[in-house]
Amino acid sequence: CTSLKFPYIDQSLQKCVAKCTTPVYQYAYMPVGSTTNGTCVKFCPNGTFALLTNNTCVATCPNGLYGSTTNNTCTAT
């Protein structure tokens with residue numbers, strides 16, 4: 001998916017989307033340094049954490065949140 005407007009591929013919908021919203025592929029993963037060719041994934045890849053406020057995979061959680069290696073999510077505790 002090479003469009004900035006629809007940068008993620010959702011395999012369940014078989015189309016490029018702006019946000020990942022399907023129940024199976026709910027997290028948006030964008031390769032480091034890219035703005036297109038992202039993928040909707042079931043789980044965020046190793047080395048990234050699911051930011052549940054917007055369902056994206058991030059390398060570093062925002063201030064006030066910590067990356068949990070137990071479930072690969074950003075958490076407050």
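Miscellaneous remarks
- Residues whose placed amide H lies under 5 Å from that of Gln26, excluding near-sequence neighbours: Val41
- Relative to its Kirkwood radius, the Cα radius of gyration of the chain gives an Rg/Rh of 0.98.
- Here the simple spin-label model places points 7 Å from the Cα toward Cβ, and for Thr21 and Tyr66 these points are separated by 3.4 nm.
- Cross-link partners of Lys5 among lysines, defined as those whose alpha carbon lies under 18 angstrom from its own and excluding same-chain residues fewer than eight positions apart: Lys15, Lys19.
- Protein accessible area in the chain, 1.4 Å probe - carbon and sulfur %: 55
The values are calculated or read from the model by the stated rules, or taken from the named source; none is laboratory data. Just so you know, these numbers come straight off a predicted model, no measurement behind them. Here Cβ is always computed from backbone atoms with ideal geometry, including for glycine, and neighbour counts include all displayed protein chains. Just the protein is used for accessible areas: all its heavy atoms, side chains included, with ligands, DNA and RNA removed. Shrake-Rupley method; radii C 1.70, N 1.55, O 1.52, S 1.80 Å.
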